[in-house]
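Only one structure is covered here, and it is reproduced in the block below.
The values are calculated or read from the model by the stated rules, or taken from the named source; none is laboratory data. Here the structure is a predicted model, which means the values were calculated and not measured. Areas reflect the complete protein model, heavy atoms only, side chains present, ligands, DNA and RNA absent. Shrake-Rupley method; radii C 1.70, N 1.55, O 1.52, S 1.80 Å.
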Amino acid sequence: MKISEKKKKSPPVSLNGIPKWIKEYRDRFSLDIDQLERTSRDFLTLNKIKSSDQSQDNNQSNDDNDDDGGWTVVSRSLNKTRQRMVPSTDKTLNRLRAKHKRSNAKKELVNFYKFQMTDKKVDQLEQLKMKFELDKQRITQMRQQRKFKPF
């Protein structure tokens, strides 16, 4: 018996390692063009049939709205938004504007940087000092008029 005869009778060699992975990868992305064309044509025909059925249904529903004289009956739509249903008075509009201003104020980054925060604190302290001085002046005036006696 010859060696070449043994090779012919042996089953095909199974792939291992990288050649096996390459074959699996190619098999995964191989396309049967005839099958792809058939499925795409079937999908398109079904889609055409569905769209034609829908258009016929829409035409029939539009025909149902027609009156005997050829007039189209207009019905009221119930899909109104909440804002349209709220009566627009000055009070409600002012309330909505105030709410909008508050939401915008929350979104703004007023004091983003550290120097802005320190400037704000300094301004607040200055305002407190000014108020204190004004209160002192009022107290002295009231003492002179003898209307205020804290002690």
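Pull up region 38-67, narrow it to residues that are acidic (Asp, Glu), part of a helix (DSSP H, G or I) and open to solvent by 80 Å² or more (accessible area, probe 1.4 Å), then point me to the one that is modelled with the highest pLDDT.
The residue in question is Asp42.
Name the residue that is least open to solvent (accessible area, probe 1.4 Å), counting only residues in region 75-110 that are at pLDDT below 80 and more than 27 Å from the chain's Cα centre (by Cα). Once the filter is applied, the top-ranked residue is Thr89.
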